[in-house]
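Report on the following structure.
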Amino acid sequence: MALIARLIGIVLIGTGIYFLGNNIIFTTNVYPYFWRGIAADGSILALIAGVMMLVFLPAREKSWGWIPIIIGVVLVFFSSRAILNPTSLWQFLLSFASMAVGYKLATQGRL
């Protein structure tokens, strides 16, 4: 029963991320300023480095991988390559509730 609850939790997390992520668009455009290209390239490199650190570092150093991921996310917005479309309050509420309940089910196996 706990395994089924954990699988349902993972599905709920994925569903919440999917519905919230539908309103985020990443674009490619011509760089009007030289630093936007650098920020876009830096964001890709930082995200790749962060994921590699989270996957391949020993357990006690894995938390260092979150620093490049945060830097990469900030650089994505700095390079203005992410467009956030308007989200209705209900869609945000359902997405966030789905992720929260899914996380609780996935980690603890119960509500």
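Read the figures in this text as sums done on the coordinates, not as results from a lab. The model shown is predicted, which means the values in this text are computed figures rather than measured ones. When we count neighbours, we look across all protein chains shown, and the Cβ atoms used for this are built from the backbone with ideal geometry, even at glycine.
Contour minus end-to-end for Trp90 and Ile48, with contour as 0.36 nm per residue of separation and end-to-end as the Cα-Cα distance?
Details: separation 42, 0.36 × 42 = 15.12 nm, distance 3.32 nm.
That works out to 11.8 nm of additional length.
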Checklist outcome for this item: Taking a crude spin-label model, label points 7 Å out from Cα along the C-beta direction, the Ile10 to Glu61 distance in nm is 2.8
Item to check | Two-site label geometry, Thr107 and Asp41: point separation in nm, points 7 Å out along Cα→Cβ | outcome: 3.9
Checklist entry - Between the DSSP loop rule and a limit of at most 15 other Cβ atoms within 10 Å, which trypsin sites (Lys or Arg not before Pro) in region 50-111 are left? => result Arg110
